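Below is one structure, written out as structure tokens; the observations come after it.
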Amino acid sequence: MKLASLSNGTRDGKLVVVTTDLTRCSSAEHIAPTLQNALDNWDACSEALEKLAREAENDLHLPPFEEAATRSPLPRAYQWADGSAYLNHVELVRMARGVSVPRSFFADPLMYQGGSDTFYDPHGPIVISDENWGIDLEAEVAVVVDDVAMGISPDEALKHIRLVMLVNDVSLRNLIPAELAKGFGFFQSKVATAFSPVAVTPAELGTAWRGGKLHLALNVDVNGKPLGRTEAGVDMTFGFGQLVAHAARTRHLVAGTIIGSGTVSNKLDGGPGKPVSEGGAGYSCIAEVRMIETIRDGRARTPFLRFGNQVRIWMNDTEGRSIFGSISQRVEKYED
């Protein structure tokens, strides 16, 4: 089943089911007015939503599904917590600073709590005041859970994953060092996040969803040129069962909580990877490109995003068909 939230003049949008090929949609308002409402009452309404989704596949008279008319599936959420499950990304960040990765990082996931009061629309702009802040994209996978009990095990946590999405976790790289130096984590350096137009149930992903990981390529283009074709199921140290359990170690998670994977990052022959243009898997953020340039050449050459730049993030199934729709965003200057 595929679900989306169409813009309708409200904060939370209108819930629709979307056909598998992303061409048509059917209103689900009579079942649940919003996605958050559906998640709050998942046991009561999921069967009706699945039935509506099956009917939509055979109804050729439904209105077209337009990705540009969507909000993020949850336009706002009670909680958004982002992990860093791909330790190659962490290793590169620290290597560029001449610092090794502590062994504890391989046993206990990293995670921070991001702002969830508002998210960017999947096809809306990335609005930033100053491009000197080091604007970067971060392409990720995320899951949405129903109510999760404190202290849950990783295996049990997997049973609470209701939906899967793609993410653009926008970061302001040049603000991060000063914030982390204070010892209190990210805030100003992590702006609004965008999620894919469509959220998908794990069952819809078939065998690509296994072991709490999504085993498909995550595609990233910047200004129409390939930046990343990384494999989301490869080099992921912690699966989503572990990430959800980590988030719930000391607290209950409410239905609608979003847990991110962190930047998808692949090694290559034990090294830090190669650009797509050189036959590698590329990168899911610009910071990794700059890190590798710093390690190899002593300085970074690739600029961060500028006003007017275009970012596109999407994932295809094994037949080459888009699963979640695309996150397609233009960087724009904020004018008050």
Ratio of alpha-carbon Rg to the 2.2 N^0.38 Å globular estimate for segment 45-118, to two decimals, please. 1.84
Per q in 0.09, 0.12, 0.19 Å⁻¹, report the Debye log10 I(q)/I(0) for segment 1-154, using one uniform scatterer on each alpha carbon and no solvent. -0.42, -0.70, -1.22
Please list the equivalent ellipsoid semi-axes of the chain, computed as the square roots of five times the alpha-carbon gyration tensor eigenvalues, in descending order and whole angstrom. 31, 22, 19
Take the Cβ-Cβ distance between Leu180 and Asp43 as r, set R0 to 30 Å, and report the resulting FRET efficiency rounded to the nearest 0.05. 0.15
Give me the percent relative contact order of the chain, please, defined on Cα pairs under 8 angstrom at least 6 residues apart. 23 percent
Zone reached by a paramagnetic label modelled 7 Å from Ala68 Cα along Cα→Cβ, restricted to segment 19-41 with backbone N below 18 Å, covers 22-25
Give me the extension gain from Lys267 to Glu332: residue separation times 0.36 nm, minus the current Cα-Cα distance, reported in nm with one decimal. 20.2 nm
As a check on your grasp of the helix formula, calculate [θ] at 222 nm for the chain: sum -39500 (n - 2.57) over DSSP H runs of n ≥ 4, divide by the residue count, round to the nearest 500. -5500 deg cm²/dmol
Of 315-326, 231-242, ordering from highest average Cβ density within 10 Å down gives 231-242, 315-326
Kindly write out, for segment 325-333 in residue order, the coupling ³J(HN,Hα) from the Karplus curve 6.51 cos²θ - 1.76 cosθ + 1.60 (θ = phi - 60°), rounded to whole Hz, with x marking Gly and Pro. x, 10, 7, 10, 10, 10, 7, 10, 7
How large is ³J(HN,Hα), in whole Hz, for each residue of segment 75-89 in order, when computed from phi with the Karplus curve 6.51 cos²θ - 1.76 cosθ + 1.60 and θ = phi - 60°, using x for Gly and Pro? x, 8, 9, 5, 7, 10, 10, 10, x, 9, 7, 9, 6, 4, 4
Percent antiparallel among DSSP beta bridges confined to the chain, rounded to 5, stands at 90 percent
Distance histogram in 5 Å bins (all Cα pairs of segment 110-263, percent per bin): 2, 8, 17, 21, 20, 17, 10, 4, 1
Exceeding 23 Å between C-alpha atoms, which entries from my cross-link table qualify? They are Lys2/Lys213; Lys2/Lys225; Lys14/Lys190; Lys51/Lys159; Lys14/Lys51; Lys225/Lys274. Lys2/Lys225; Lys14/Lys190
What is the distance in Å between the Cα centres of segment 246-289 and segment 206-224? 11 Å
Quick calc: nm separation of the 7 Å Cα→Cβ label points for Asp297 and Lys159 -> 5.3 nm
Here the net charge surrounding Lys333, from other residues whose Cβ is less than 14 Å away from its Cβ (Lys, Arg +1; Asp, Glu -1), is -3
Karplus-derived HN-Hα couplings along segment 152-168 (A = 6.51, B = -1.76, C = 1.60, θ = phi - 60°), whole Hz, x at Gly and Pro: 5, 7, x, 5, 5, 4, 4, 6, 9, 7, 9, 9, 10, 9, 9, 9, 10
List the relative contact order of segment 8-126 as a percent without decimals, with contacts defined as Cα pairs under 8 Å and 6+ residues apart. 26 percent
Give me D for segment 189-336 in µm² s⁻¹, whole number, from Stokes-Einstein with Rh from the Kirkwood sum over alpha-carbon pairs, 4 °C and 1.567 mPa s. 75 µm²/s
Apportionment of accessible area to carbon and sulfur, segment 105-204, percent (1.4 Å): 56 percent
Total charge dipole magnitude, segment 1-152, about the Cα centre, Cβ charges on Lys, Arg, Asp, Glu only, Debye to nearest 20: 220 debye
Burial ranking of peptide ranges 72-85, 272-285 (average Cβ count within 10 Å, highest at the top): 72-85, 272-285
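The values are calculated or read from the model by the stated rules, or taken from the named source; none is laboratory data. Values in this document were obtained by computation on a predicted structure and should not be read as measured data. Cβ coordinates were reconstructed from backbone atoms using ideal geometry, including for glycine residues, and neighbour counts include every protein chain displayed. Accessible surface is based on the protein model in full, side chains and every heavy atom, while ligands, DNA and RNA are left aside. Shrake-Rupley method; radii C 1.70, N 1.55, O 1.52, S 1.80 Å.
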